[in-house]
Amino acid sequence: MDPELEAFIPLIPDADLTDPAAERETLAALAASVPPPDTSEMEIEDLAVPADPDVPVRIYRPRHAEGAVLWMHGGGWVMGSVDTEHPWAARLADASGAVVISVGYRLAPENPFPAALDDVYAVLKWTAEHAAELGVDPDRIAVGGHSAGGGLAAGVALRSRDEQGPPIRFQLLNQPGLDDRQQTWSQRNFTDTPWMNRDKVAIAWRHYLGSAPATPYAAPARADDLSGLPPAYIASAELCPNRDENIEYASRLLQAGVSVELHQWAGTFHGSQAIVSAEVSQRQIAELGDALRRALAG
């Protein structure tokens with residue numbers, strides 16, 4: 001493990017996803033302790049996107065931005081909000097120069113699949129319809145997210161392709177949750193890795209799916225056909241249960257004719273990019289921003 005990251009392990013709370021309400025409070029406290037981002041060069045606005053129910057979003061507008069990304073927070077589909085994602089959404093906007101639309105999708109288990117995906121898809125359609133008001137090019141809209149949010153981004157890309165929805169320029173997937181079956185080597189063997197391990201992933205999927213069967217829109221690794229999807233940047237962490245499904249998804253996208261950049265971050269664990277004082281975490285955030293900047297360039 002990266003020595004800087006290893007030093008933080010004693011400070012990482014032992015998330016118990018069996019009690020989502022308590023973990024939401026823990027995550028909120030953790031996010032509040034992160035050094036605040038510099039937002040002096042951007043406008044920030046909170047809106048409610050009309051849907052059933054309305055979806056809260058927080059929009060970050062750097063100067064001279066022309067492209068946008070719908071950004072979905074992590075948290076195992078059970079925790080997180082536009083408030084807890086603020087430190088990282090703002091940093092992504094700064095690093096990429098893109099408009100970042102942070103989506104406050106509904107959380108499980110109170111709102112199981114497809115509630116969160118429906119929220120994200122509603123925001124995608126709203127963004128495309130209101131691109132002129134947002135000051136962005138409708139042909140330069142990307143989707144992305146961390147962890148569960150990365151899985152939602154991949155799922156909405158599949159749905160938009162299948163339903164002839166708004167065109168998506170790019171997928172920015174950071175350690176995405178893609179496969180509920182947990183049959184990869186990393187899912188079977190990472191039982192005590194920091195922050196997220198096999199058992200916690202299993203609990204998260206149970207909360208998210210509820211009584212519904214997993215479909216490719218919930219678990220994109222289940223999709224038989226990955227052709228026609230947007231180009232992707234996929235980042236995996238070496239000591240993360242999602243690692244192998246991330247690498248396999250990247251390989252399958254390539255085999256389906258989709259352009260992919262894959263970065264397997266050595267010595268990192270799930271969510272470690274959130275430790276903004278560590279050098280490797282700073283590089284992860286900078287690369288996410290750079291990948292998005294290049295993808296949305298003219």
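The values are calculated or read from the model by the stated rules, or taken from the named source; none is laboratory data. Bear in mind the structure is a predicted one, so any value in this text is a computation, not a measurement. Don't worry about glycine lacking a Cβ; one is built from the backbone with ideal geometry, like all the others, and counts go over all protein chains shown.
What tally of residues in segment 29-49 results from selecting those that are in a loop (DSSP other than H, G, I, E, B), of a type in the set (D, E, K, R) and free of Cβ contacts under 8 Å to residues at least 40 places away in the same chain? Break it down stepwise before answering.
Taking segment 29-49 and keeping what is in a loop (DSSP other than H, G, I, E, B), we get 33-41.
After this cut, where a residue has to be of a type in the set (D, E, K, R) as well, the list is 38, 41.
Still in the list and also free of Cβ contacts under 8 Å to residues at least 40 places away in the same chain: none.
Qualifying residue count, segment 29-49: 0.
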Revision key, fill the gap. Every listed condition ((1) within 19 Å of residue 170 (Cα to Cα); (2) of a type in the set (Ser, Thr, Tyr); (3) part of a loop (DSSP other than H, G, I, E, B); (4) out of contact with any helix residue (DSSP H, G or I) (no Cβ under 6 Å at 6 or more places or on another chain)) holds for residue 251 save (3)
**Study point:** Filter result (touching a residue at least 60 places away in the same chain (Cβ under 8 Å), over 25 Å from residue 189 (Cα atoms) and over 15 Å from the mean Cα position of the chain (by Cα)) within segment 227-248
**Key:** 228, 229, 230, 231
Check your understanding: Would segment 63-75 turn up any residue that is on the phi < 0 side of the Ramachandran plot, of a type in the set (Asp, Glu) and within 19 Å of the chain's Cα centre (by Cα)?
Key -> no
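Please pick out the residue among 266, 256, 250 that is of a type in the set (A, V, I, L, M, F, W, C), touching a strand residue (DSSP E or B) at 6+ places or on another chain (Cβ under 9 Å), modelled with pLDDT of 95 or more and loosely packed, with under 15 Cβ neighbours inside 10 Å. Outline the logic, then answer.
On the way: 256 fails: touching a strand residue (DSSP E or B) at 6+ places or on another chain (Cβ under 9 Å); 250 fails: loosely packed, with under 15 Cβ neighbours inside 10 Å.
Checking each option against the conditions leaves just 266.
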Exercise for review: Quick one: count up the residues across segment 15-28 that are outside any helix (DSSP H, G or I) and under 21 Å from the mean Cα position of the chain (by Cα).
Suggested key: 3
Practice item. From 206, 188, 181, grab the single residue that is at pLDDT 95 or above, outside any helix (DSSP H, G or I), more than 23 Å from residue 257 (Cα to Cα) and out of contact with any Gly (no Cβ under 7 Å at 6 or more places or on another chain). Key: 181
Exercise for review: Scan segment 40-54 and give yes if some residue there is of a type in the set (A, V, I, L, M) and within 24 Å of residue 158 (Cβ to Cβ), otherwise no.
Suggested key: yes
Practice item. Return the total of residues in segment 263-292 being within 16 Å of residue 234 (Cβ to Cβ), β-branched (Val, Ile, Thr) and part of a helix (DSSP H, G or I). Key: 1
**Study point:** Pairs, first over 22 Å from residue 162 (Cα atoms) in segment 206-219, second at pLDDT below 95 and among the hydrophobic types (A, V, I, L, M, F, W, C), C-beta under 8 Å, six or more apart
**Key:** 207/17
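Kindly check whether there is at least one residue in segment 57-64 that is in a loop (DSSP other than H, G, I, E, B) and surrounded by fewer than 22 Cβ atoms within 10 Å (Cβ to Cβ). So that I can check it myself, show each step before the final result.
Filtering segment 57-64 down to residues in a loop (DSSP other than H, G, I, E, B) leaves 63-64.
Applying the additional criterion that residues be surrounded by fewer than 22 Cβ atoms within 10 Å (Cβ to Cβ) yields 63-64.
Yes, that holds for at least one residue.
Just checking, which of 235, 212 is surrounded by 18 or more Cβ atoms within 10 Å (Cβ to Cβ) and either hydrophobic (A, V, I, L, M, F, W, C) or assigned to a loop (DSSP other than H, G, I, E, B) (or both)? Even if it seems obvious, please write down each step before you answer.
Numbers: 212 fails: surrounded by 18 or more Cβ atoms within 10 Å (Cβ to Cβ).
Within the list 235, 212, the selection yields 235.
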